[in-house]
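**Student:** This is the structure, below, for whatever I ask next.
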């Protein structure tokens, strides 16, 4: 039942579990954090199995640490493979970042320098992950608060990464906006440099304005400036499965569904414009 | 700088908060964002795992304990849920004169482990009809854990979980223990006396039910041993503690 992801979805969050178990949430797919379900058994897996019966599923990881200079942890990959085999998701994704080095795990999505060395490490790790999982993965562009000196831009890095490994991209348009503001690049340049045929999924989210930087908090509605980046992305990418990723300060399901309707409308406008052109 | 060196510098910054480590990353407000994210995520994870301990200690004391734990034990597992693995011993050492503190933490931790433990169907009592009691062994559900306790931490925990006023801390009878397991999808626990814990421990090491009754007879006498063992087996079946007999 590993069908293709399509349409518009939401991150499945605890306050709304009942609607996903019942199948009454008006979405095309759900996404969950993989690590929350890489467990032996119990209620969380039971809930996901029931929801999975009603919706296509995307597994979204936060701990693969694809940018670790000392490679991936095989115990992690084994557990992820077990979950993948059990749930047969349409998509398995993680982030272009690193979280672990040696025996230390930061539990945060830490930035990489966009160097040739880092590209080699990331591509080697992606090859290993895709081989172990027996499938293509998507990797999400991160939001970041530090930019290291590097040989290439983030979008050049992503483009070369997809070319070398065959992986796809999970384009987080909020992250593009946050990093663009934090590091002073133009989101339009970013989108122009992304191989849109590699984009398999889009994330929408909100952020907050800190004292010096925009902070990617996922606890706010999608703001107008992020909708603008989404509009530009859909104009270039066409119909891509899109979801809202709300991790904190979680509102009623109806409020998130209303936001998702905005995404549907923008995507339909982009499709109409392409037909007219 | 190599990628490995950069990642180790970054780790040092997160773990130590040392300005020199931040400078190695270029400094600036971004380094502080990552430092804050790191510590906030760990404190939140501990507070989520040890919800009743937070209520017992209060926010300030809990956050002090969490901050010291984060300094002492940087996380190593890929799952944040594992981060509190040593927190029970840590708070027990911080409050040596208040043994209920470590035990409330232990119940929080164990209930969380049991919640996501391996699945198993509880044995239906009818299945006993075909058991060969000369050789039969009792197999408990895999989520079952036995926790020795010295205090009334269980009563305090239950009161906190149901938003009632908890009793004051008291010492329990020597030999008191808690059985923690999952009934269906919900963790449950109750007290158990020493001979019940002995029986479960003997079963776990592979002893048959007949042999367990014989060992129990050494302390209780034969008649009381048979009665006790039969009563407890019936209780275990009713409570969903047994996964198989055979």
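**Student:** Between helix B:29-49 and chain B, what is the angle of the helix's C-alpha long axis to the longest principal axis, kept within 0 to 90° and rounded to the nearest 10?
**Tutor:** 10 degrees
**Student:** Where is the GNM fluctuation largest for chain A (alpha-carbon springs, 10 angstrom cutoff): A:115, A:47, A:24?
**Tutor:** Ranking A:115, A:47, A:24 by mean-square fluctuation puts A:24 first.
**Student:** A further question follows. Report the antiparallel proportion of the DSSP beta bridges in chain A as a percent, rounded to a multiple of 5.
**Tutor:** 15 percent
**Student:** What percent does the relative contact order of segment B:1-97 come to when contacts are Cα pairs within less than 8 Å and at least six residues apart?
**Tutor:** RCO, segment B:1-97: 23 percent.
**Student:** What whole-number distance in Å separates the alpha-carbon centres of segment B:22-99 and segment A:29-71?
**Tutor:** 24 Å
**Student:** Build a GNM of chain B with springs between Cα atoms under 10 Å: which of B:81, B:119, B:97 gets the top mean-square fluctuation?
**Tutor:** B:97
**Student:** So, one more: Assuming R0 = 56 Å, can you tell me the calculated FRET efficiency for the pair residue A:252 and residue B:217, based on Cβ-Cβ distance, to the nearest 0.05?
**Tutor:** Computed FRET efficiency for residue A:252 and residue B:217: 0.35.
**Student:** Still on this structure, please answer the following. Where a ≥ b ≥ c are the square roots of the eigenvalues of the C-alpha gyration tensor, would you call chain B rounded, which needs a/c under 1.5, or, failing that, prolate if a/b is larger than b/c, or oblate?
**Tutor:** Prolate shape, in that a/c is at least 1.5 and a/b is the bigger ratio.
**Student:** Sticking with the crude label model, points 7 Å out along Cα→Cβ, report the distance from residue B:86 to residue B:64 in nm, one decimal please.
**Tutor:** If labels sit at residue B:86 and residue B:64, their model points lie 2.2 nm apart.
**Student:** Quick one: if you stick a label point 7 Å off each Cα along the C-beta vector at residue A:186 and residue B:130, how many nm between them?
**Tutor:** It works out to 7.6 nm between the two label points.
**Student:** Still on this structure, please answer the following. First obtain the Kirkwood hydrodynamic radius of segment A:27-118 from its Cα pairs, then insert it into the Stokes-Einstein equation at 20 °C and 1.002 mPa s, and state the resulting D in µm² per second as a whole number.
**Tutor:** So the translational diffusion coefficient is about 150 µm²/s.
**Student:** To continue, here is another question. Looking only at B:59, B:108, B:18, which one moves most when chain B is put into a Gaussian network model with springs between Cα atoms under 10 Å?
**Tutor:** B:18
**Student:** If we count other beta carbons within 10 Å of each Cβ, what is the order of A:167, B:197, fewest first?
**Tutor:** B:197, A:167
**Student:** A further question on this structure: Sort segment B:172-232 into rounded, prolate or oblate with this rule: let a ≥ b ≥ c be the square roots of the eigenvalues of the Cα gyration tensor; rounded if a/c is under 1.5, and if a/c is not under 1.5, prolate when a/b is larger than b/c, oblate otherwise.
**Tutor:** prolate
**Student:** Compute the angle between helix B:99-115 and the longest alpha-carbon principal axis of chain B, please, reported from 0 to 90 degrees and rounded to the nearest 10.
**Tutor:** Compared with the principal axis, the helix lies near 80 degrees.
**Student:** Take every Cα-Cα pair in segment B:93-231 and report what % of them are more than 25 Å apart.
**Tutor:** 37 percent
**Student:** Taking just the alpha carbons, could you work out the radius of gyration and Dmax for the protein assembly as shown, both in angstroms?
**Tutor:** Calculated on Cα positions, Rg and Dmax stand at 26.5, 93 Å.
**Student:** Could you tell me the distance between the Cα centroids of segment A:184-251 and segment B:1-18, to the nearest Å?
**Tutor:** Their Cα centres are 29 Å away from one another.
**Student:** What ratio of Cα Rg to 2.2 N^0.38 Å holds for chain A?
**Tutor:** After normalising by residue count via 2.2 N^0.38 Å, the value is 0.96.
**Student:** Before rounding to the nearest 500, sum -39500 (n - 2.57) across all DSSP H runs of length at least 4 in the protein assembly as shown and divide by the residue total; then give [θ] at 222 nm in deg cm²/dmol.
**Tutor:** Theoretical 222 nm ellipticity from helices: -15000 deg cm²/dmol.
**Student:** From Cα pairs below 8 angstrom and at least 6 apart in sequence, can you work out the relative contact order of chain B, rounded to a whole percent?
**Tutor:** 18 percent
**Student:** For segment A:143-260, give the share of DSSP beta bridges that are antiparallel, in percent and rounded to the nearest 5; count only bridges with both residues there.
**Tutor:** 20 percent
**Student:** If we count other beta carbons within 10 Å of each Cβ, what is the order of A:121, A:173, fewest first?
**Tutor:** Going from least to most buried by this count: A:121, A:173.
**Student:** Give me the percent relative contact order of chain A, please, defined on Cα pairs under 8 angstrom at least 6 residues apart.
**Tutor:** Computed over chain A, the figure is 17 percent.
**Student:** Please figure out what share of the DSSP beta bridges in the protein assembly as shown is antiparallel and state it in percent, rounded to the nearest 5.
**Tutor:** 45 percent
**Student:** Still on this structure, please answer the following. Taking all pairs of distinct Cα atoms, average 1/r, flip it, and tell me the Kirkwood hydrodynamic radius of segment A:185-274 in Å to one decimal place.
**Tutor:** The answer is 14.0 Å.
**Student:** Return one number: the angle in degrees, 0 to 90 and rounded to the nearest 10, between the long axis of the Cα atoms of helix B:3-16 and the longest principal axis of the Cα atoms of chain B.
**Tutor:** 80 degrees
**Student:** A follow-up question, please. For segment B:11-134, what Kirkwood radius comes out of the mean inverse Cα-Cα distance, in Å?
**Tutor:** Over segment B:11-134, the inverse of the mean reciprocal pair distance is 17.1 Å.
All of the numbers you see were taken from the coordinates with simple rules; none came from a lab. Predicted model only: the values in this text are computed from it and were never measured. FYI the Cβ positions are ideal-geometry reconstructions off the backbone, even for glycines, and counts take in every protein chain you see.
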